Structures are given as C-alpha cells and as structure tokens.
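For reference, the structure is listed below as structure tokens.
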Amino acid sequence: MKPRKNTVNNLTDVRDPVRSASDVAQGNQRRSRSSFPLATLRRAAIQLRNLSRRLGLSAAAMPSEEADTPPSAAVPPQVGASQAEGDASGERLADPIATANPTESEAVRPASRSQKQGGHQGFAQVLHLVRRILGRSVAQFFASLTFYTLLPIPFPQRHEFHRIARFAPWVGMLLGLGLGIADWGLGALGMNAGLRTAIVVVSWLGLTGGLHMDGAMDSADGLAVMDPKRRLTVMSDSVTGAFGVMVAMSLLLLKFAALMALPVDPISRTVALMAAMGWGRWGQVLAIDRYVYLKVEGKGAFHKRQLRSPDDLWPGLIALLGLSALFIWLFPYRWILAVGMVLGGFAIAFGTGAWFDRQLGGHTGDTYGAVVEWTEALLLCLLTLL
C-alpha cells in the first residue's frame, strides 16, 4: 500500500500509513499547543536571567549579549515541534527550563556571585563616604570646642576650622549639660543653692574664656560713643570702658538671679542651662548668616566667609528642637516650659541680632559675642516665668 499524503503540511506520513489525514491534523494541533507554553517558559526564563545579570553586574564585568544568551535561546519552531513530539509520545519532561538549557545552574552561580560582589562594593563605597563625612564633621566639632571653649582635648585630634560656627549651638548645649551636672553634684553634697549657683555662673564664664563676654563689653563701649563713625574704632580698642564693665556686671547678675529663681529640681535647671547656651549660640549663627560684616578682617570674618546659608543653621536648630521634644516626652506636664524655650529662644536670638544690626548697620565679632550673652541672660529670665 502506498503511503498517504498529509493534507495539513503536505508531507508524507511514513510512520503510520493507515492513519487518516484528520488524525494527523489533530496530532499536529496537539503538538503545537503543547510546544507553545514550553517555548514561552524557556524564553521568559532566559530573559529574566539576562535582566538579573545586567542589574547585578558592573559594566566591566557584564558579559556580552551573545555570550549571555545560550544556544537554546533561539529555538526554531521545528526543534520545538520535535521536542513536543517526544512529549506527546510519552517522554515526560521533569523540568522544561533545565531541559532547554542543561547548564543553567552553572551559568547562574557565577552571575549571583558577581552580583553579591557588586552589592558589597556598592555598600563599601557608601560606607567610605559616610566615614569621610562623619570624620570631617567630628574634626570640625572638636575644632569648634577648641575655638569657643577652654576645654582640653584629652586625645590628639586633627582640627578643621572650616565652617565651625554651625557647631556652636552643640558646644553650648554640651557646656550647659556639664554645668547642670556640676550643679546637681554640688547640691547632692549639701552645698547652699546660692553658693553653687555662683560657682555655676563663674564656671560658665571661665569655660568660655570670657570670649563672648569680651565681645559684649566692647560692644557696649562702642555703642556708648555718640559719633557712629568712631564706634568701630572704640570697639577695636583693647581698653575696657565704664560701660563695658557695667554691662558685664549686669549680665552676670541677671544670670545668677535667673538661676536662683528657676525650679530647684536638677532636670529643669540643666535643661534651662542647655537651652540658654544653645539658643545664644544659634543666635550668633543667625547673625552671621543674615547681616553684613562691617570689617575686612576680624575675629568673626572667617565665620562669615565660610558660612553656608541656610545649611549651617539647621544642625543647631534641630538639636534645640530635639531638646524641647525630649523634655516634653519625659515631663509632659511641663510642656509649657519646653514650648517657651523654643518660642522665646528663637524670638530673643532673632531680636538681639536685629537690634545690634540696627544700631551699627551690621555686625562684627564683638557683636556676635554680645548676641550670645544677651540671648542667654534674657532667655533665662523668661524661663523663670514659665
């Protein structure tokens, strides 16, 4: 008997000459339907693997497109049909993707290893950048301690005086914390409140080396001159006048009386000291940022040149807001004191800087110190009312 022609694909069916054309057509349809999902899965798996390699590998380590795509990626329809015939004849495939590419696991392992290496390299770069930023900030903070205080640094540290004004509020809060702890310790030893308050005020002046008080005294001497053109000359004179002495005595007396009027509990006194010294120095940074510097050179000239507005205002402001938030969280019933520290501190710091600017037409290093001293004293007086 002659073999019959296949009417579907016009091929000779030599396997089963007695099968009808309709049976052959149905078998081809079953083969095409069974091969389509298999080929789709293969192509999807290959595309996903190529995409993961592109994302995980660097440009130098990423293999080319031809090397990344296995030979089985471009599966012709005839090959897919022949594999489907084997499946239709009873040969079941345990894993279609693994069958399409037997070396799939070996190809994936190096890619995942390279991906991990790339991730580690990225994390190492980020960590190195954070260390550089933090290392520079730490150096600037210790330089700020060296410039604004007489505190000895117990270990060698590379100082960087660039943009140290932004850490002045942090230095003030640290000094306030130390004075508050000293005040609590003296009280625990049974020392009289008046005597330990006097020790705190004197230590306050001594820890700063009189830097800000000297500026307040020179500013007072300059403002006492009736001729505005001679004010800067008088402020630059190292000789202290009567008005400077009176201002220094007034500031010390106000601080002493305000500390005596504050609540006796050590937490409130410590927080008040931290707020007063922090907001006073933040007012200095605000004055540096907002107003003109009147001298070509001077103690505060390099602060004005290096300050970045408004980036250098945020570190101190965030720290002071965090101090008030922490106080509210610990003592919710004293929330009015925390709110008063924020509103009063900001208003006084802004007002003192604006007042000196109006009197002199700008600021100098002496007026920066005067802003610190007057903000501290006035804020402490305000806190006694809350």
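Results, tabulated for the structure shown:
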item: Any hit, the stretch 355-369, residues being among the polar types (S, T, N, Q), outside any helix (DSSP H, G or I) and under 24 Å from L223 (Cα atoms); result: yes
item: Selection within the stretch 218-273 - of a type in the set (S, T, Y) and more than 29 Å from L175 (Cα to Cα); result: T233
item: Some residue of the stretch 281-298 being out of contact with any Gly (no Cβ under 8 Å at 6 or more places or on another chain), loosely packed, with under 15 Cβ neighbours inside 10 Å and more than 28 Å from V271 (Cβ to Cβ); result: yes
item: Selection status of L252, within 10 Å of L380 (Cβ to Cβ), modelled with pLDDT of 95 or more and either surrounded by 15 or more Cβ atoms within 10 Å (Cβ to Cβ) or under 38 Å from the mean Cα position of the chain (by Cα) (or both); result: no
item: R305 exposed (fewer than 14 other Cβ atoms within 10 Å of the Cβ), farther than 25 Å from L259 by Cβ and more than 30 Å from the chain's Cα centre (by Cα); result: no
item: V296 in contact with a helix residue (DSSP H, G or I) (Cβ under 8 Å, 6 or more places away or on another chain), over 20 Å from L382 (Cα atoms) and of a type in the set (V, I, T); result: no
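The values are calculated or read from the model by the stated rules, or taken from the named source; none is laboratory data. Predicted model, so just to flag it, every value in this text is computed and none were measured. For neighbour counting, all protein chains shown are included, and Cβ atoms are generated from backbone atoms with ideal geometry for every residue, glycine included.
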